[in-house]
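The values are calculated or read from the model by the stated rules, or taken from the named source; none is laboratory data. Please read all numbers here as calculations on a predicted model, not as lab measurements. Cβ atoms come from the backbone with ideal geometry, glycine included; neighbour counts cover every protein chain shown.
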Amino acid sequence: MENFRNYYDILGVPRAATFSDIKQAYRKLARQYHPDLNPGDQAAEDRFKMVSEAYTVLSDDEKRTQYEKFSEYWQQEGFKETKKPGVGEIFSGRISLEDFGFGEFPDFNLFVDQLINRRPSARRTASEASVATDVSSSPGATATQARRDAEADLTIPLEKAFRGGRERIRLEDGRSLEVNMPAGMVTGQRIRLRGQGVGGGNLYLRIQVDPHPFYTLQGNDLYCRVPITPSEAALGSTIDIPSLDGPLRTTLPQGAQTGQIIQLAGRGYPIGREGRGDQIVELAVVVPTGLSDREKALYEELRQTERFRPRSELL
């Protein structure tokens, strides 16, 4: 089996990793390799794409189960003796995974394409699109004689999907197009480009929004987890909270707790042309490490004077 990728190794987690472990590992790696933070670094962009693919599979229980079954079967002896179906049969839905050995895929990429519903010809970097290669013409026909609609996949970061605007895409036939993308794009959305297909047909862009290391989109609400210091939690404070519109000045109440929710109305993802969902912020009180001598002295003074006894009811 060619091209097999161990998604657990890619994310640096064990096979028994929980969803929380997988998400935490993904966020760390996505921040490290995100193309926006490594402009012009093709190796980092390729690594980011691989990390995103691994997270897409392992963060979904059904996809993870199928991947693990495949990872067991492809190494077994004797699987090559089973009947090998054509790729067209696999992707037409006429044959399911249970009808043949997993090892009968020509390479690992075809299995992943089927698993995450990705066209086989559409593996590109975060700012590229590729025309589907299943459009063909009869021998000797010219492009104008073989007018066909075509499809291309465009994978974009969440921030670009939110803002929309001008986006330059490169197609597999060598063309480069500048497209005015709408704001508020979501995964699965199709955008039609008139006359940009094969021989003057239409080109349909299929949008895939990359998983984000900080935000999670659920419907039109945007979820995130924001760390705060013990003093900010105890005393209340005014802090800057990241949002897709830029930092937002927000007041924390005194005695804020880990898991407490702050709802920023109208700061989520677009709903139609005018409305927007909310941004849901979960607070997390984070204890500092590597204290200075002055900080240690102040924490010791606080410990000697504080009256708060959180375990008093347990003893």
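Figures for the structure shown
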item: Residue list for region 28-44, filter: of a type outside the set (G, A, S) and modelled with pLDDT of 85 or more; result: K28, L29, Q32, Y33, Q42
item: Which listed residue, of F79, F91, F105, is modelled with pLDDT under 85, over 28 Å from A152 (Cβ atoms) and in contact with a helix residue (DSSP H, G or I) (Cβ under 7 Å, 6 or more places away or on another chain); result: F79
item: Residues of region 187-225 classified as within 19 Å of the chain's Cα centre (by Cα) and in contact (Cβ under 8 Å) with a residue 40 or more places away in the chain, total; result: 19
item: All positions within region 146-181 that are surrounded by fewer than 14 Cβ atoms within 10 Å (Cβ to Cβ), in contact with a Lys or Arg (Cβ under 9 Å, 6 or more places away or on another chain) and closer than 25 Å to S243 by Cα; result: N180
item: Count of region 45-64 residues which are surrounded by fewer than 15 Cβ atoms within 10 Å (Cβ to Cβ) and at pLDDT 85 or above; result: 1
item: Set R309, R303: member being outside any loop (DSSP other than H, G, I, E, B) and among the basic types (K, R); result: R303
item: Number of the condition not met by F308 [criteria: (1) exposed (fewer than 11 other Cβ atoms within 10 Å of the Cβ); (2) under 30 Å from Y55 (Cβ atoms)]; result: (2)
item: Any hit, region 276-299, residues being of a type in the set (S, T, Y), part of a strand (DSSP E or B) and assigned by TED's automatic domain parsing to the domain that holds D221; result: no
item: Top-ranked residue in region 213-262 [being in a loop (DSSP other than H, G, I, E, B) and touching a Cys at 6+ places or on another chain (Cβ under 9 Å); ranked as nearest to Y33 (Cα to Cα)]; result: F214
item: Residue tally, condition crowded, with 17+ Cβ neighbours inside 10 Å and of a type in the set (D, E, K, R), over region 243-277; result: 2
